[in-house]
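Novice: To start, I am sharing the structure in question, which I have written as structure tokens.
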Amino acid sequence: MSADPKSYNKPQRNMLLETDVNGLAQAVVTLTQEVWVLNDRQMVTEAVLAKHGIDIAEEVDTFTPDEALQSKLDERSRAIMQRVFNSLGGISSDE
Amino acid sequence: MSEELHARLRQRGRASVDFLANFGFGMSDLRNSVEEEIQRIVPDPDALPDDLDQRDARMQQSLGASQAYRATQAVGEWMATHHGLVAKHAFEEVREEMEPILKKFEQGGSTVEANPDMEAPAYWDGVDFHRTAGGWDEHDYQGYIHADIVHTRLVAKTFPGGIFAQRRMVAALPPKDHYDKIIDMGCSTGHFTRALQETYPDAEIYGVDLSLKTIQQAQRLGNANGWSWKLYQRPGEDTGFEDETFDLATSYILLHEIPADTIKALFKEAFRVLKPGGDMIMSDVTRYADLDKLAMWRADAGAKYGGEPHWRASASLDLAQIARDAGFVDVTAKAFDPFKYPYVVQGHKPE
């Protein structure tokens, strides 16, 4: 072995520069917006259902999406990631 | 994976794991942008430096000017450091219901012989392979977490060619239709062991691996399917079995996790434990010799940041020659299209 293999546990990696901080801020705010929209929707959904006497928390926790829903979920998560990552990388998104 | 062994994750874990599974798609615009930049700065891969470190320095210097590249590095680093943690947290949410099932499948015909006195080799001890937080044996169910969550729910969804289909394809390559006794060297959680057992249903299968947690998962997989695997916490290069014990010696995607001298020792060990007339098949990652300089840089950078300290040395070896040096005859080597992966070496121990 030419080097300590444990040095691969935390390799030195050139990542963001100071000049990236503005893009990073855009990405963080975009992400915060997405997280908040989801939080809001979840809380509103649970509140509306509770108003009708339905407690869905445990069912949501153990729910397994069917193929159609999984496909929609995948599409949405990819879109969110693209918005955030593209902001970070200085690429304009369609949305 | 037996359906009973396949955890039904709770919402937080399930959604987090799905997030990781979609990561590559989420990065697609960034990657496309970086790819355009690479094509611009490397019109002729042959002109890149021969030395891999110099080549990487050249690429880092050139790509460092690209905001999209810097973003891919930052986002990629998050994935490298978080995938193991996300998988572990997803498991912890279902530990209470899964633990009795995991314990149940530690009983049965498949057995594990732990080796608490084993002196772990320096090439393995303390190394976080794949940058898995804490390495292979840190968590008491690390083998399960890796097999059921990381491999089955993440890697299997996106790996080109399909990790299970590739294993079944390779398992069917040895020349005989039947083998009495097979050893899977570096069997880990048993994905390839399974492919061997399904291909040779009557075979008696032995597996060795340095990681106790991974072979405990192989044991569960074996028992969940009614198989009787004999699993040992031992290095593949020093299995401790008698000479001329097995009819087929195998390894699948082990070699890039061990240094060059250990790879040579592993082939010699395979030769030693095979009966005269026995067959050998070893599969691993794409050879650097089969890649142009740019593709080689991509693979090498992936290894550097992906927790693969032995990849470069391993992928640079002529495995067919190593097999011949170990004594094997009729040695063949083949890189499977379209990805030049897996790279499969086969050989025969003379009668």
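Novice: If you scan segment B:124-157, which residues turn out to be of a type in the set (Ser, Thr, Tyr) and out of contact with any helix residue (DSSP H, G or I) (no Cβ under 6 Å at 6 or more places or on another chain)?
Specialist: The answer is B:Tyr141, B:Thr152.
Novice: What do you reckon, is B:Val127 in a helix (DSSP H, G or I) and not basic (Lys, Arg)?
Specialist: no
Novice: Next question. Would you confirm whether or not segment B:58-68 contains a residue that is of a type outside the set (Phe, Trp, Tyr) and closer than 30 Å to B:Gln11 by Cβ?
Specialist: No, because not a single residue in segment B:58-68 is of a type outside the set (Phe, Trp, Tyr) and closer than 30 Å to B:Gln11 by Cβ.
Novice: How many residues, within segment B:158-179, are among the aliphatic types (A, V, I, L, M) and part of a loop (DSSP other than H, G, I, E, B)?
Specialist: The number of residues fulfilling the criteria is 2.
Table: residues versus (1) more than 13 Å from B:Leu221 (Cβ to Cβ); (2) surrounded by fewer than 21 Cβ atoms within 10 Å (Cβ to Cβ).
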site: B:Ser110; (1), (2): no, no
site: B:Asn115; (1), (2): yes, yes
site: B:Ala120; (1), (2): yes, yes
site: B:Arg131; (1), (2): yes, no
site: B:Asp140; (1), (2): yes, yes
site: B:Tyr144; (1), (2): no, no
site: B:Ile163; (1), (2): yes, yes
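Novice: Filter segment B:48-101 down to residues that are of a type in the set (Phe, Trp, Tyr) and within 14 Å of chain A (Cβ to nearest Cβ) and give me whichever is farthest from B:His139 (Cα to Cα).
Specialist: Applying the filter and picking the extreme gives B:Tyr69.
Novice: I need the full set of residues from segment B:221-239 which are of a type in the set (Gly, Ala, Ser) and part of a loop (DSSP other than H, G, I, E, B), in order please.
Specialist: B:Gly226, B:Ser228, B:Gly236
Novice: Within segment A:16-30, which residues are modelled with pLDDT of 80 or more, within 7 Å of chain B (Cβ to nearest Cβ) and surrounded by 14 or more Cβ atoms within 10 Å (Cβ to Cβ)?
Specialist: Hits for segment A:16-30 are A:Leu16, A:Asp20.
Novice: While we're here: Condition test on B:Pro350, is it at pLDDT 95 or above and farther than 29 Å from B:Pro160 by Cα?
Specialist: Considered against the rule, which asks whether it is at pLDDT 95 or above and farther than 29 Å from B:Pro160 by Cα, B:Pro350 comes out as yes.
Novice: A further question follows. Would you be able to tell me the number of residues in segment B:2-11 that are in contact (Cβ under 8 Å) with a residue 24 or more places away in the chain and facing chain A (nearest Cβ under 8 Å)?
Specialist: 2
Novice: List pairs: first in segment B:310-324 and of a type in the set (Val, Ile, Thr), second crowded, with 22+ Cβ neighbours inside 10 Å, Cβ under 8 Å, 6+ apart or cross-chain?
Specialist: B:Ile322/B:Ile263; B:Ile322/B:Phe267
Novice: Right, something else. Here are B:Asp300, B:Asp292: which of them is within 14 Å of chain A (Cβ to nearest Cβ), in contact (Cβ under 8 Å) with a residue 40 or more places away in the chain and more than 30 Å from B:Phe241 (Cα to Cα)?
Specialist: Answer to the selection: B:Asp300.
Novice: Return the residues of segment B:51-73 that are over 25 Å from the mean Cα position of the chain (by Cα) and in contact (Cβ under 8 Å) with a residue 12 or more places away in the chain; say none if nothing qualifies.
Specialist: Result: B:Arg55, B:Met59, B:Ser62, B:Leu63, B:Ser66, B:Ala68, B:Tyr69, B:Ala71.
Novice: Still on this structure: Does B:Ala15 count as within 30 Å of the chain's Cα centre (by Cα) and without any contact (Cβ under 8 Å) to a residue 60 or more places away in the chain?
Specialist: Here the answer is yes, as B:Ala15 does meet what is asked.
Novice: Separate question: Restricting attention to segment A:79-95, report how many residues are closer than 19 Å to B:Gln11 by Cβ and either without any contact (Cβ under 8 Å) to a residue 12 or more places away in the chain or of a type in the set (Lys, Arg) (or both).
Specialist: Residues flagged as closer than 19 Å to B:Gln11 by Cβ and either without any contact (Cβ under 8 Å) to a residue 12 or more places away in the chain or of a type in the set (Lys, Arg) (or both) within segment A:79-95 amount to 1.
Novice: Kindly indicate whether any position in segment B:132-149 is part of a loop (DSSP other than H, G, I, E, B), in contact (Cβ under 8 Å) with a residue 12 or more places away in the chain, under 30 Å from B:Glu93 (Cβ atoms) and under 15 Å from the mean Cα position of the chain (by Cα).
Specialist: Yes.
Novice: Further, regarding this structure: Under 6 Å by Cβ, and 6 or more places apart or on different chains, what pairs join a residue from segment B:226-252 that is over 9 Å from B:Ala270 (Cα atoms) with one that is among the basic types (Lys, Arg) and in a loop (DSSP other than H, G, I, E, B)?
Specialist: Once the first residue is over 9 Å from B:Ala270 (Cα atoms) and sits in segment B:226-252, its partners that are among the basic types (Lys, Arg) and in a loop (DSSP other than H, G, I, E, B) give B:Gly240/B:Arg234.
Novice: In this structure, is B:Ser28 more than 10 Å from chain A (Cβ to nearest Cβ) and in contact with a Lys or Arg (Cβ under 9 Å, 6 or more places away or on another chain)?
Specialist: Against the criterion (more than 10 Å from chain A (Cβ to nearest Cβ) and in contact with a Lys or Arg (Cβ under 9 Å, 6 or more places away or on another chain)), B:Ser28 does not qualify.
The values are calculated or read from the model by the stated rules, or taken from the named source; none is laboratory data. All values derive from a computational prediction rather than experimental measurement. Every residue, glycine as well, gets a Cβ built from its backbone with ideal geometry; the counts of neighbours run over all protein chains shown.
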